[in-house]
Every structure is written in structure tokens, then in C-alpha cells.
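The values are calculated or read from the model by the stated rules, or taken from the named source; none is laboratory data. As the structure is a prediction and not an experimental result, all values here were calculated from the model. FYI the Cβ positions are ideal-geometry reconstructions off the backbone, even for glycines, and counts take in every protein chain you see. The accessibility values were calculated without ligands, DNA or RNA, using every heavy atom of the protein model including side chains. Shrake-Rupley method; radii C 1.70, N 1.55, O 1.52, S 1.80 Å.
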Amino acid sequence: MSDAVEYDVEAIQNRWLPVWDEIAPFRSGDPDDPRPPKYVLDMFPYPSGDLHMGHAEAYALGDVIARYWVQQGFNVMHPIGWDAFGLPAENAAIRRGVNPKTWTYENIAQQRESMRRYACSFDWDRTLNTCDPEYYHWNQWLFLKMFERGLAYRKDSSVNWCPNDQTVLANEQVVNGRCERCDAVVTKKKLTQWYLRITDYAERLLDDMAQLEGKWPDKVLTMQRNWIGRSTGAEVQFAIEGRDEPVTVYTTRPDTLYGATFFVVAVDSDLAAELAAGSGVEQEFADYLAEVSKISEIDRLSAERPKTGVFLQRYAINPVNGERLPVYASDYVLADYGTGAIMAVPAHDQRDLDFARTFDIPVRVVVESDEDPSVTGVATGDDGPHVNSGPLDGLNTPDAVARVIEMLAEDGRAKAAVNYRLRDWLISRQRYWGTPIPIIHCPTCGEVPVPEDELPVQLPSPEGLDLQPKGTSPLGAAEEWLNVRCPRCDGPAQRDSDTMDTFVDSSWYFLRFLDPQRTDAPFDPEAAKRWLPVDQYVGGVTHAILHLLYARFFTKVLHDMGMVDFTEPFSSLLNQGMVVMDGSAMSKSRGNLVRLSDELAEHGVDAVRLTMVFAGPPEDDIDWADVSPSASVRFLTRAWRLSGDVTSEPGVDPVGGDIALRRVIHRLIHDAQLAVESFRFNVAVAKVMEMVNAVRKAIDSGPGGDDPAVREAVEAVAVLLSLVAPYTAEDMWARLGHEPSVALAGWPAVDPELVKAQTVTCVVQVAGKVKARLEVDPQIGEDDLQAAALADQAIVAALGGVEPRRVIVRAPKLVNIVPG
RNA sequence: GCCCGGGUGGCGGAAUUGGCAGACGCACUCGGCUUAAACCCGAGGGUCGCAAGACGUGCGGGUUCAAAUCCCGCCCCGGGCACCA
């Protein structure tokens, strides 16, 4: 029975959208829900405009996972919200002269409607916007908790400064010396700023990655390890002539102490300034410092830069042999890593060697090697027997390291030490559209937290404020807001006028989804116990370091506060790739922008989703030029048409149906399930395509549309398809005589008996080359299989009378005969 | 420089982790349906060869009865970190 009814994408979308609004199949908040909980989370979007192709991919993939677990009988929490504070809103607002708030909420409304139409399986009872006072209230609360615990503090230091956005940047936001947002060349500026003490958690951030091994992409774990940058070595004390206190240096190679021929302090460190004072080279030092601070981040990072520095006319004493080492100030030593001072061993460190050659400092080899660094200009590598090193002579590197630490530790002049590349997280921003920092600066009491019952400190209206970037926060001009009484002494005081980095907002939002309306706490610890950690997190690899590291840090702090009982927020992570066009990232200026709205209008929601999912492995980039949404429409039409060809009644027992079809279908459902659970969604789609092909054949040239197995198969197609193409699946489900929603129909039960193969194709090889194929019982014994293989005509011919030297039998799939 | 990935038909990609390389789809060719075209349905193809067959997963070697898969060396592409002592 073929029908004249056509597959009409537009009509199907319009038919089911209101029905879903009505039945809300993805609500997860019923406290009496008997289903086991599962938390599937997509990274929330930034409301910079309407959804684009990248969102379409990410949410299509997240939806496959969420909908799969719903079909498997879980109460899936799949929430969405908006990461709604931040610079782009503010910049757009400045350009158009509108309130950033208005702009932001308009975009949110638009994205929300687009997500609804895109059929995202979100629980719409759980949305949040980070720019709502109800949300950022708890940013402030968490900040104050950290302040209490000494994890939030203010310090004066040289910070990354974006001259374009006129704001400071976290280390993580400086990419190749440029501002991550606007690409301006980053400079340095000395400012007093708020920091979060993430370095206190460096060790745990590293160690707890053991929990994530195999469940997060290796790439992300590696990136985080690199970023944290743990190194082990020793702290060694050097006396400085004419200074009471010794100076500590950090080195990973204490074994090379006998090779130290000079000593360097970071030119911008306090120590350098102190040592320069009274040295007679004050002017030279000051000139050098001025020159260095003019160098941009980009130039500073250039590896080719020649070494520069100033001899401070002072000497450090090598603790192992009492030698006098000239002390230099240079910019190749970083003030904020280790102690800002190093011992320099030119023979075995390339940078020290470069410096030594520039300043004509002796090079002394202490680890034996064939090449002489002072001749080749190449410092020699790690291991080898030590020479010129007194008691260390003859030892290899690890032994020499241990020995020298032991020697110096006796009188406290050295100890084993660990260092991290990770720096504390600078969170102050001199911009308007963010969470106000809830601190009041009082001339007598200092930094006073805003009392909890006065939270949230709401952003003042931008009316009358100059939002143009100018290096200080626009909030500083909101005088009525700014000037308050000190909560402690009631004297005149001022609010902190900076706002928080928006990465604070996204560091804990996954907890707020538990109950976004809650007013007495950021979240309910009991609910957190039930739902968290997040079972599956889905998002772009662009957040591999920043967001994920910060969220992990916050989670550990909350753990230490006793608010959550886990230490890692995201049990499993899937990074989807990007959607590109003609090999490169889409952009207006490049002229290769593909508009999602155009694609949706042309092919429909289901076809776009299907195209995203089928294009390849989820973590790979999709080149839109390589894929075919119209082919997706064709397939969906083919699948949909099956639902009109089923003539048996709903509920008919499939057991009497065509056994061959049932075997194929059950095997494919089984395979599709494995594919989905291992994130091979493209393969799962291929399996559904095979199902459709098999059913088509069964209807046209097999048992026909009335066979119960055909109904069973088409119903399975509808359910499996519902993960990817919800509109088509729902319409098929209705045409099959069922009530909505197919999303809740349940994953088809796979009969293990039907999945078992009846016969197996056994490959018979001679010398590793396939010469025959046998259809055999899967239970066949090795001896029987060997006999059957050797008896086969083609095998007899291939052997040509030669006796087999060896026969390898892997029943039931393979026999390999090695001729004599 | 250091650290991760990856290289399979004309294209996107499969391959139960050592056991039939190329599933599924795109593009293409041929056939059916049609007055015709589109749609739809069916068939085809890794390369070379008329064929038997030979060769074939970046390149070169190795292990194994058997290698896209494991090992060694190289080449290329993508990503991360990078004056971090």
C-alpha cells in the first residue's frame, strides 16, 4: 500500500512542535520520578546573536546522548542556560548605544526560540542566565567564601593588559601574546587586582586527573597537564655578598651546581631592584628595566631574541664550592616563576649558554659528553657521568641530584622542591557587564566583605555611565552606587568597582541547574548528591584549558567547603569538532559563512541534525562543503515512507514474523546501541540506514508490509531515528498508530537469540591469502572446521598436493593453512 | 625545541582492537519507471589487467600463520606548550 501522502518537512515540524510543548517529554524535576537519574550537559552558549552552525553541531550531538539515555529509561537532566555576561555584549552595546542588558536578553530570547525549533531535548524548567542577579548573587557568595578561606586575595603585580579592550586578562586569555578576544597585542601593566588561589590546588588538579583517564579525551588531559606544568627539582640557597639573607633559587638540575658560573635575577623583580641599589650601576639598571618594560609580549616570546642583561657588580656564593658568581639582572628570567632568581649553568642549559656567550662568561662542563658546548654553542643534555663536580664525580644525573640535595640539606641550604607553571587566576576586570566584586574598601578597616544578607550587590543602571574602555571600571563613576558606609565601622567607604571574569560564572553553573530559582543557597547539597557529578559533558575543545580547569578548581573548593561529595565535576567529556567551510573556519570576512537559518529553511531541522551527526566522528571537524544535507532529506523521506507501508496492527506479536528480517534488525539495533555508547554516532546512523534498506527490501520483494516483523522493524527505526531526527521519528510513530512521544517509547529490546549468527562465513586462507569461504555453524569445533577447510575444492587446488606444514584454526571465523 | 593526535578509494568516512580492507553515504556510470525531466526503484565500481591473477591503508624495514591495527626508523598534516631554570 503506497500512499499519495508526501513527506513534508515544514508541515511535520509545525505539527509536532506544539504537541511537544504540551507534553514536555524532557522534564526531569519530578521528585517522585522512579527512573534512575542521569545528567547530560551541553556547554551553555554565549548569547552573541542567533544560533550558528557550530551550535547546531554541538546540540545535535548532545541531543543524541540525552535522548539515548531517555530511551534507555533514565530520568535525564539535560538543561540549558546562557553565559550572558562578558565583553561582546558590552562592545555591541557601546556600538549601538543600547543597554547591554537589553541586547543580551533579546539574543537569549532568540536563541531560546531557535533551540526549541531545533528540537533540543532541554528541560525548559531549568534555564538560567548568568547575568540575572538571582544567579550572580551566588558568584558573589562563592567569592566571599573563598575570601574567608584565603583563596581570594588582592595583590599588586605586573599583569597582562589588553590596550584595546582596556582591561586586564588572565594568563589563559593571552594567546601568542595577543588578546584572545580582540587579537590586540598584550602589554604589561602594574596593577592591584583580585586573584583566586588556584595554585593551591595545582597538585590536586593534576592528581585527580587519574579519575578522568579514559573518560576525557587524552588530548584535553595532556593540555591540562602542560598548562599546570609541574616540575621537580630543588630549592638551593645562595649567599649574596653584602646581603644578610641568602637568596633561594629553584632548579630542576641541582646536580649541575658545580657547573654554575653566574647568577641571574629577573630584571623586574623586587630583588633586582634591591641588589641594584648601591651597586654603582643604578642608572644602567634603570635604563635596562625601562627598555625591557617597553617590549611587547610577542617580542618577548620570540625565541630568537638575543640575551640582554646588566651586571649588578655583586656576587653570589656557590654553596657547594664557595665560588663567587657574578650576579646579572636579565629579562630571560621570569619574576613570577620559581623565586625569580636562578643559578646559571651554561654548559647544560641553552639559555644560560646563550647569555654566557654574549657576556663572555666561562662555561664549565660537569656532565660528560663528546661535544664541547663552549665550542658548538649547543648546551648538552641530561644524563651522563658527572665530572668536575667533587663528590658527585662519576654519578649519573638522578643519583647526583639525590646526592647533592642530601649534602646541602644537612645545614638547610637545599631541599627537594616542586614548581608549577600555573599562576593564580586573575579575576578583576575593568568593565561594566559582569558580576560586581562584593568588597567594600574602607580607609580604616581595609577590604571588608559585603554582608551576606546584602547580597547580591546589583549592577547599577548603565544610564549616565561611560562604558567606553578607558582603563578603569565604568562602575567607578556610578557615585551613588560606589559610595557606601563601611559595614564594619560605618565610616565612608567605597565599593570595589571591578567586575569578575566571566569564567567565574561558568565555573559552577552546572550546579545551579539543580534548582535555578533557589534563593537561600547556590544549590541544594542533597540534590547535588543525587545528580552530580555530570555524567556526560559535551562541548568544544576550545575550552580544554580555561573553563574546564576553572570548573575543576571550583569543584574542589566546594568539596573542601563540604558542599559537594565529589572532587571532579564532569565524569565523562566529549569534545565535538568545528563546522568549517571549504577547509577553513567560517567568517564573514572570509566570505564562507554558512547561515544556520538558511540551512534549516532549505532542508529542515531533522536533515541538518542528521547531516551533523552522520558527517563523521563527533570530535572531527565537519567541512560543510563535503557533506550533503539534501542526501539527509532523501534518507529521511525513505525512512518516513516505510511507516506508510506497514499494514499490520499496532501491538501485533513480532514473534511470528519473518525470521530473516528479524535477525538482521536485531543485530543492527544491537550494533547501533554499541555505536551510540562509544560516541560513534555516524556509525549508529549507518546502522539505521541499513535497517531502512533491509525493511524496504522486505516490503517490496520479501514478506511484505503485513508481516509483523516489518512493523517491529519500522517501529525500531522510528525509535532509533528519534535520537537524531525527532520530527520525522514522531511522525512515523503517529503513522504507525502510536501516541506521542516516540522520545519516550523506550529503546527496542534486543533478543540475544536473534543476534546470534545462524551461520558464520569462515575464511579459509592459504599462506595468509583468502582462497575459500565456508558457511559454517557458529558452534563448529576446531577439528571439524579444519577437516571441512582441507576438504574444500578450492583449497585442495590451491595447495596443489603440497602437505600443510601448519594449520591455524580460529573457529568459527578463520582457517589459515601454511603450506609445507 | 618539547608533548599529544592523525595520514585508508574521486570525496566524507567504516573495520567487533591482530583475523574477508573499503560498512554507510556523497559524487559518478548504466538500467527500470516517465511523453520527458525530476523524484523513486535496481545494478556497478580500490588500482592494474581481456582474463587467470598481481598489487593495495603516507614511506622504508621488522615481528607474526596472519598487520590499516604491534615494534623500529623516516616523511607529511593538525593541535597544545614554549626564555618555566
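Summary of values
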{"item": "Value of [θ]222 nm, deg cm²/dmol, for chain A, DSSP H segments ≥ 4, -39500 (n - 2.57) each, nearest 500", "result": "-11000 deg cm²/dmol"}
{"item": "Taking segment A:538-696 and dividing mean pair separation by its residue count, relative contact order in percent (alpha carbons under 8 Å, at least six apart)", "result": "20"}
{"item": "Accessible area of segment A:1-107 belonging to carbon and sulfur atoms, whole % at 1.4 Å probe", "result": "53"}
{"item": "Inverse of mean 1/r across different Cα pairs in chain A, Kirkwood, Å", "result": "31.7"}
{"item": "Fraction of beta bridges assigned by DSSP in chain A that are antiparallel (%, nearest 5)", "result": "75"}
{"item": "Chain A - charge dipole about Cα centre, Lys and Arg +1 at Cβ, Asp and Glu -1, debye rounded to 20", "result": "760"}
{"item": "Total lysine pairs under 25 Å (Cα atoms) in segment A:84-199, excluding pairs fewer than 8 apart on one chain", "result": "4"}
{"item": "Virtual spin-label span in nm between A:GLU323 and A:ASN164, 7 Å along Cα→Cβ", "result": "4.9"}
{"item": "Computed lengthening from A:GLU180 to A:THR444, 0.36 nm per intervening residue step minus Cα-Cα distance", "result": "91.2 nm"}
{"item": "Surface accessible to a 1.4 Å probe, A:LYS219 within the full protein complex, Å²", "result": "130"}
{"item": "Rough spin-label spacing in nm, given labels placed 7 Å along Cα→Cβ, for A:ARG773 and A:VAL796", "result": "2.2"}
{"item": "Euclidean distance of C-alpha centroids, segment A:354-417 and segment A:18-94, integer Å", "result": "57"}
{"item": "A:ARG530 versus A:VAL378: modelled label distance in nm, points set 7 Å from Cα along the beta carbon direction", "result": "6.5"}
{"item": "Accessible surface ranking that places the most exposed of A:SER701, A:SER389 first, with a 1.4 angstrom probe", "result": "A:SER701, A:SER389"}
{"item": "Three-way shape label, segment A:605-669, alpha-carbon gyration tensor, a/c 1.5", "result": "prolate"}
{"item": "Calculated from backbone phi, Karplus (6.51, -1.76, 1.60) coupling profile of segment A:130-146 in Hz, x at Gly/Pro", "result": "5, 8, 6, x, 5, 8, 6, 2, 7, 4, 5, 4, 5, 4, 5, 5, 5"}
{"item": "Residue-span extension gain [A:ASP751 to A:SER369] - 0.36 nm each, minus C-alpha spacing", "result": "130.7 nm"}
{"item": "D (Stokes-Einstein, µm²/s), Kirkwood Cα radius, segment A:698-807, 1.306 mPa s at 10 °C", "result": "88"}
{"item": "Reach of A:LYS697 by Cα under 26 Å, taken over lysines that are not fewer than 8 positions away in the same chain", "result": "A:LYS687, A:LYS756"}
{"item": "20 Å cut-off, amide nitrogen to a point 7 angstrom out along A:ALA686 Cα→Cβ, residues in segment A:713-730", "result": "A:717, A:720-725"}
{"item": "Accessible surface, 1.4 Å probe, highest first, among residues A:THR222, A:THR308", "result": "A:THR222, A:THR308"}
{"item": "At R0 = 35 Å, FRET efficiency that the Cβ-Cβ distance of A:MET223 and A:GLN350 yields, to 0.05", "result": "0.90"}
{"item": "Between 0 and 90°, nearest 10: helix A:681-701 axis offset from chain A longest Cα axis", "result": "10"}
{"item": "Which of A:GLN536, A:PRO346, A:PRO460, positive extreme of dipole for chain A (C-beta unit charges)", "result": "A:PRO346"}
{"item": "Virtual paramagnetic centre 7 Å along Cα→Cβ of A:PHE566, amide N under 11 Å, in segment A:36-73", "result": "A:38-41"}
{"item": "Value of relative contact order over chain A, rounded to a whole percent, pairs C-alpha under 8 Å and six or more apart", "result": "14"}
{"item": "Chain A, accessible area per residue, ligands and nucleic acids excluded (1.4 Å, Å²)", "result": "43"}
{"item": "Dipole of chain A, positive direction: furthest Cα of A:LEU610, A:ILE108, A:ALA273, with charges on the beta-carbon", "result": "A:LEU610"}
{"item": "Pairs beyond 31 Å (Cα-Cα), from A:LYS38/A:LYS219; A:LYS307/A:LYS556; A:LYS38/A:LYS813", "result": "A:LYS307/A:LYS556; A:LYS38/A:LYS813"}
{"item": "Average Cα contact separation per residue, segment A:1-152, under 8 Å, 6 or more apart, as relative contact order %", "result": "28"}
{"item": "Stretchable slack from A:ASP393 to A:GLU410, in nm (0.36 nm times residue separation minus alpha-carbon distance)", "result": "4.1 nm"}
{"item": "Between segment A:651-691 and segment A:146-185, the Cα center-to-center distance that results, in Å", "result": "52"}
{"item": "Heavy atoms of A:ASP598: accessible area, 1.4 Å probe, square angstrom to 10", "result": "80"}
{"item": "At R0 = 45 Å, FRET efficiency that the Cβ-Cβ distance of A:LYS697 and A:ASP783 yields, to 0.05", "result": "0.75"}
{"item": "Heavy atoms of A:GLU690: accessible area, 1.4 Å probe, square angstrom to 10", "result": "90"}
{"item": "Nearest-ten-degree value, helix A:726-735 long axis tilted from longest Cα axis of chain A", "result": "20"}
{"item": "For segment A:178-230, with +1 on Lys and Arg beta carbons and -1 on Asp and Glu, the positive-most of A:THR187, A:ILE228, A:ALA202 along the dipole", "result": "A:THR187"}
{"item": "Ranked order, A:CYS445, A:CYS179 - accessible area, probe 1.4 Å, largest first", "result": "A:CYS445, A:CYS179"}
{"item": "Formal net charge of residues neighbouring A:TYR136 (Cβ-Cβ distance under 11 Å; K, R +1; D, E -1)", "result": "-2"}
{"item": "Calculated FRET efficiency for the pair A:GLN313/A:LYS215, C-beta based, R₀ 60 Å, to 0.05", "result": "0.55"}
